[in-house]
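Visitor: Take this structure first; my questions come after.
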Amino acid sequence: MIDSGIFSTIKLYDKDAYATEFDAVVLSTEPVEDGRFKGTSKVYLDQTLFFPEEGGQEADFGALNGQEVLDVQIEKRDGKELIFHVVKGNFKEGDSVHGVIDWEHRFDQMQQHSGEHIFSGTVHNKYGYDNVGFHLSRQVVTMDFNGPLDDEQVLDIERAVNEIIVKNLEILVSWPSKDELDKLEYRSKKELDGDVRIVTIPGVDVCACCAPHVRRTGEIGFLKVLGRQNYKGGVRVFIECGLRALKTLGSEHTLIQNLAGSLTTSIENVPGQVEKLQNELYALKGSLQKARAELTSYKLKEIPQDQKNVTVFVDDMDNKSVQNAINELTSTHSGFCSFFVKTDSGYRFVSGIAEGDARKVAGALREKFGAKGGGSEKMVQGSLADASEDEIRKVIDQIEG
Ligand SMILES: [Zn+2]
């Protein structure tokens, strides 16, 4: 157990965001009692390069003495900040450890986070909004602002941010004294006590921040806004920077190239081609419906005039055409005239009769098959789960007219 006299864990990543390996001493270990890492150990070190989950950013990955680090958290005890590493292996107090962080993941986080500062700083300078929520993980980078921005404004900011990126400005980290801090104007999400770490991009942004950043804006590569949505009276903006953005845009480019290929057109002509196909599909659906209606009317003409009940099964037919067909049938046939149209789960049906009560059909189908529906004396409609055509015919033919 760590006693309260111990000092805070030295944050090696604060001094050098580019270091990837370090040596440290185990101050203590504790078993993880519950949660998804139950059965592993918390390892407290005197110093670490591992950035813990903090300020909306996920923790670093890597290994301690070759053992995978599953999570890194920071906890406050008696005003001290203690960082522990969740690992599976056996570690004990006094052990020397060698740590290696996953540089690819860290550098990706640095590119995203520095890009976020430029974006939030630019929004603040231009509209006065604060970044009131930030989330950075392998999957997503989002910023929440306490004021609205439309698509055009967001794209304007995206361009301004990329202009700052190519200027390759230095990104500076400092710990101003209390006096200096009092005079400094800076963005901050919360009231801060103790030493405040300030990240400055000259002429662009000054912000209190605990996370590692790239040295110069050029290392961000570029920033792309992927989306925007209204959020709690303000706006949530989705961004990606650098290699991550390149990967996303690359796969989207491949996707649209393949789409253009399958439409045998160029990328620019994809929207026009899709619209053309939609129109063709619409026209084809219309002709198909017409052909089906003609086919049904031929079928109906073949039914002997003296047949009392007429029960027709079709694969597809719109309700209006079904009703018209039934009106036609009831003028020549004295019994129940019914249509059963196939659906995903069974049939929808419409049934009519010239002289009599069509509700008897709905009643009989309800009793025998649990069908739903109803209507008037002249016409009923409803649905039923799958049943055989013969069974349905039999049920209708048994109804006492
Ligand atoms: Zn930050």
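Visitor: Those residues that are in a loop (DSSP other than H, G, I, E, B) and closer than 22 Å to VAL395 by Cβ, I need them from region 272-305; list them, please. Even if it seems obvious, please write down each step before you answer.
Guide: So the first thing to find is which residues in region 272-305 are in a loop (DSSP other than H, G, I, E, B), and the list is 302-305.
Of everything in region 272-305, those that are in a loop (DSSP other than H, G, I, E, B) and closer than 22 Å to VAL395 by Cβ turn out to be ILE303, PRO304.
Visitor: Next question. Being open to solvent by less than 10 Å² (accessible area, probe 1.4 Å), away from the ligand (no atom under 16 Å from the Cβ) and part of a helix (DSSP H, G or I) is the filter here, so list the residues in region 111-159 that pass it.
Guide: Listed by number, the residues that qualify are VAL154, ILE157.
Visitor: Restricting the search to region 220-267, which residues are open to solvent by 50 Å² or more (accessible area, probe 1.4 Å), touching a residue at least 12 places away in the same chain (Cβ under 8 Å) and outside any loop (DSSP other than H, G, I, E, B)? Lay out the reasoning, then the answer.
Guide: In the first step, residues of region 220-267 are kept if they are open to solvent by 50 Å² or more (accessible area, probe 1.4 Å); the result is 222, 224, 226, 228-233, 236, 238, 243, 246-247, 249, 251-259, 262, 264, 267.
From the residues that got through so far, the ones that are touching a residue at least 12 places away in the same chain (Cβ under 8 Å) too are 222, 224, 226, 228, 230-233, 236, 238, 243, 246, 249, 256.
Within region 220-267, LYS224, LEU226, ARG228, ASN230, TYR231, ARG236, PHE238, LEU243, LEU246, LEU249, ILE256 meet the criteria.
Visitor: Being of a type in the set (S, T, N, Q) and surrounded by 13 or more Cβ atoms within 10 Å (Cβ to Cβ): is that true of THR332 here? Before the answer, list the steps.
Guide: Working: of a type in the set (S, T, N, Q): yes; surrounded by 13 or more Cβ atoms within 10 Å (Cβ to Cβ): yes.
Criteria met by THR332.
Visitor: Would you be able to say whether some residue in region 95-105 is more than 11 Å from the ligand (Cβ to nearest atom), open to solvent by 20 Å² or more (accessible area, probe 1.4 Å) and on the phi > 0 side of the Ramachandran plot?
Guide: No, region 95-105 contains no residue that is more than 11 Å from the ligand (Cβ to nearest atom), open to solvent by 20 Å² or more (accessible area, probe 1.4 Å) and on the phi > 0 side of the Ramachandran plot.
Visitor: Could you say which residue among GLY66, GLY55 is open to solvent by 40 Å² or more (accessible area, probe 1.4 Å), at pLDDT below 95 and small (Gly, Ala, Ser)?
Guide: Working: GLY66 fails: at pLDDT below 95.
Result: GLY55 is the single residue among GLY66, GLY55 that is open to solvent by 40 Å² or more (accessible area, probe 1.4 Å), at pLDDT below 95 and small (Gly, Ala, Ser).
Visitor: Please specify each residue of region 60-83 satisfying the condition of being within 32 Å of the chain's Cα centre (by Cα) and not aromatic (Phe, Trp, Tyr). Reasoning before the result, please.
Guide: Of region 60-83, the ones within 32 Å of the chain's Cα centre (by Cα) are 60-63, 68-75, 83.
Result: ASP60, GLY62, ALA63, GLU68, VAL69, LEU70, ASP71, VAL72, GLN73, ILE74, GLU75, ILE83.
Visitor: Here is a list: VAL270, VAL204. Which entry is within 16 Å of the ligand (Cβ to nearest atom), touching a residue at least 12 places away in the same chain (Cβ under 8 Å) and more than 23 Å from the chain's Cα centre (by Cα)? Write out each step before concluding.
Guide: Working: VAL270 fails: within 16 Å of the ligand (Cβ to nearest atom).
Answer to the selection: VAL204.
Visitor: Counting just the residues of region 160-180 that are free of Cβ contacts under 8 Å to residues at least 12 places away in the same chain and assigned to a helix (DSSP H, G or I), which one comes out nearest to LEU223 (Cα to Cα)?
Guide: First, the residues of region 160-180 that are free of Cβ contacts under 8 Å to residues at least 12 places away in the same chain: 163, 177-180.
Retained after the next criterion (residues that are assigned to a helix (DSSP H, G or I)): 163, 178-180.
Details: GLU163: 10, LYS178: 34, ASP179: 35, GLU180: 32 Å.
If we take residues in region 160-180 being free of Cβ contacts under 8 Å to residues at least 12 places away in the same chain and assigned to a helix (DSSP H, G or I), then GLU163 is nearest to LEU223 (Cα to Cα).
Visitor: Same structure, new question: In region 189-216, how many are surrounded by 14 or more Cβ atoms within 10 Å (Cβ to Cβ) and either of a type in the set (Gly, Ala, Ser) or not assigned by TED's automatic domain parsing to the domain that holds GLY133 (or both)?
Guide: Qualifying residue count, region 189-216: 2.
The values are calculated or read from the model by the stated rules, or taken from the named source; none is laboratory data. Since we're looking at a predicted model, the values are computed, not measured. Every residue, glycine among them, receives a Cβ derived from its backbone with ideal geometry; neighbour counts consider all protein chains shown. When the accessible area is computed, the model is the full protein with side chains, heavy atoms only, and any ligands, DNA or RNA have been set aside. Shrake-Rupley method; radii C 1.70, N 1.55, O 1.52, S 1.80 Å.
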